[in-house]
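The values are calculated or read from the model by the stated rules, or taken from the named source; none is laboratory data. Worth saying up front: this structure is predicted, and the values here are computed from it rather than measured. Here the Cβ is made from the backbone with ideal geometry for all residues, glycine too, and neighbour counts use every protein chain on show. Note: accessible area is taken over every heavy atom of the protein model, side chains too, but ligands, DNA and RNA are not part of it. Shrake-Rupley method; radii C 1.70, N 1.55, O 1.52, S 1.80 Å.
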Amino acid sequence: MNEIIFYLFAILTILSAFAVAIVKNVLYAAFGLMFTFISLAVMYLYVGADFVAITQIMVYVGGVLVLIVFGIMLTSSVQNNETALFGRKLLGAVVSILFLVIIVSGFLKVDFASLEWINQQLRLGHTQAVTSQHVGFNLLTTNLLPFELAAILLMVALIGAALMAKFKNSEDVEK
């Protein structure tokens, strides 16, 4: 029964992600993205990654998606955005299919039985539970450099978005 529920949420994830890609209304795409994030979090729960599931809901559904919805509500020109040309859609489809082929071929080439961390988890029998304390300790000791680099990258993206919004508003004022 658990496998059936897992596969139902996997299908929901794929269908809602596909809806995000093909829906023309941005608000409907945001709702599709919400269903994608939530169903992905449920799938994380079914594989035993509780911390990742809660983080998925808090960060993506609670933060990113709410930011997208507020951006849609505050922007008056995003009612029906049909400016995408056929060539761009075709290019996007080709690039997406190319990435899918690369990911699937890489996945098929990996010998998962030879990966040491998987064998270690199988030997332990999943008796060691990963808690938020372990994640926080590893994040601020072993993985401090990637954590700081991600924080700097997010700060640069935020500053860039603010500058782009400032310049776009100044162009609107001039018109």
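Listing for the model above:
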| read-out | value |
| --- | --- |
| Options 44, 28, 60: the member that is open to solvent by 100 Å² or more (accessible area, probe 1.4 Å) and either in a helix (DSSP H, G or I) or within 24 Å of residue 133 (Cα to Cα) (or both) | 28 |
| Pairs where the first residue, in segment 135-154, is open to solvent by 100 Å² or more (accessible area, probe 1.4 Å) and the second is assigned to a helix (DSSP H, G or I), C-beta under 8 Å, 6+ apart | 140/147 |
